[in-house]
Amino acid sequence: MSSAAIIAIAVAAIVLLAAVVLLSAARKSDVRGAGALSRETRRRDRDAEIDLPLTGKDVERAAVQARVPAPAPAAPLSVWVAPDPDAIGVSRRQFLNRATVTLMTAGLASFAAAGFVAFLWPTAAPVFGGKVSVGKLDDILSSIRSNAGFFYSSSARSYITVYPPEALPKAKGVKEYATVLGGMENGVVALYQKCPHLGCRVPECKSSQWFECPCHGSQYNRAGEKKGGPAPRGMDHFAVTVSGSGDVVIDTSTVFTGAPIGTNTTGQEAEGPHCITGGGGHG
Ligand code: FES
């Protein structure tokens, strides 16, 4: 390399270095010109107790302090006082009294609601003591034939048997039948299962086609008219109604006294052996 080239490179390096120095000086001057004060100026202002403008760090520190919540003032301490046992007892009594009254009120309301529903729909649940629907007349007559002469309804505690139409003129002459004549005119009678003697349940006897009481041997024909035994009268009756659509209803709310001893409207005699013996002599 020639000496001229070396000199040219050295000059270029010096020029470049000078340019870098100048640029750095100019940048520092720009920063100070944006609002920064020189160190001497700041010292002079501090000595003169002049409020200096805040730096960025001062502003950030102030913001952080502003975000930190001030501690809440401590609540004043209060003296603990034991609860009054009388007051606690009264409170318990009040609770129990109110609970009792509420439960009783709810129970009475439920009871009243149930009674109201039962009043509105008295036939919804057929029970003895009211009107008991026992089915269609044709079905009952069919059941009587298939059961050798008798139909039993546990709901009505009654037997239903066929009443022969040819016996109606005689039945109309029996005072005790006046209230049950409607059922007889429809071809059936409803007999209370309770023996008029001492209250045993009187079963049917299919061989004799009578009712024969196992307790003391009272006997009644298929229409419930007394044929023998100690009973004071014939079997008691319930009124029977048959609707236009053929529904049979037994009104068990009233028991009608059976016909007196000696009544024999159907003339039905025993059609076979008796189920109970020894009672016939009481009659
Ligand atoms: S209870 Fe039926 S005969 Fe006495």
Qualifying positions in the stretch 216-230 - more than 8 Å from the ligand (Cβ to nearest atom) and either in contact with a Cys (Cβ under 7 Å, 6 or more places away or on another chain) or closer than 13 Å to Gln268 by Cβ (or both): Gln219, Tyr220, Asn221, Arg222, Ala223, Gly224, Glu225, Lys226, Lys227
Scan of the stretch 228-244 for residues that are farther than 17 Å from Gly129 by Cβ and either touching a residue at least 40 places away in the same chain (Cβ under 8 Å) or crowded, with 18+ Cβ neighbours inside 10 Å (or both), ordered by number: Gly228, Gly229, Pro230, Ala231, Arg233, Gly234, Met235, Val242
Matching residues in the stretch 72-107 - criterion: being in a loop (DSSP other than H, G, I, E, B) and either in contact with a Gly (Cβ under 9 Å, 6 or more places away or on another chain) or not aromatic (Phe, Trp, Tyr) (or both): Ala72, Pro73, Ala74, Ala75, Pro76, Leu77, Ser78, Val79, Val81, Ala82, Pro83, Asp84
Condition met for Gly224 (over 22 Å from Ala167 (Cα atoms) and not aliphatic (A, V, I, L, M)): no
Residue ID - surrounded by the fewest Cβ atoms within 10 Å (Cβ to Cβ), chosen from residues in the stretch 45-71 that are at pLDDT below 70 and outside any loop (DSSP other than H, G, I, E, B): Asp47
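Quick check: is even one residue across the stretch 196-215 among the hydroxyl-bearing types (Ser, Thr, Tyr), surrounded by fewer than 23 Cβ atoms within 10 Å (Cβ to Cβ) and within 16 Å of the ligand (Cβ to nearest atom)? Before you say what the answer is, go through the steps one by one.
Filtering the stretch 196-215 down to residues among the hydroxyl-bearing types (Ser, Thr, Tyr) leaves 207-208.
The next check asks that each one be surrounded by fewer than 23 Cβ atoms within 10 Å (Cβ to Cβ); those that pass are 207-208.
Remaining after also requiring within 16 Å of the ligand (Cβ to nearest atom): 208.
Checked the stretch 196-215: at least one residue is among the hydroxyl-bearing types (Ser, Thr, Tyr), surrounded by fewer than 23 Cβ atoms within 10 Å (Cβ to Cβ) and within 16 Å of the ligand (Cβ to nearest atom).
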Conditions (1) farther than 16 Å from Gly258 by Cβ; (2) assigned to a loop (DSSP other than H, G, I, E, B); (3) more than 16 Å from the ligand (Cβ to nearest atom); number of the one not met by Pro169: (2)
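The values are calculated or read from the model by the stated rules, or taken from the named source; none is laboratory data. Keep in mind that this is a model prediction, so the values were computed, not measured. Cβ: placed from backbone, ideal geometry, glycine included. Neighbour counts: every protein chain shown.
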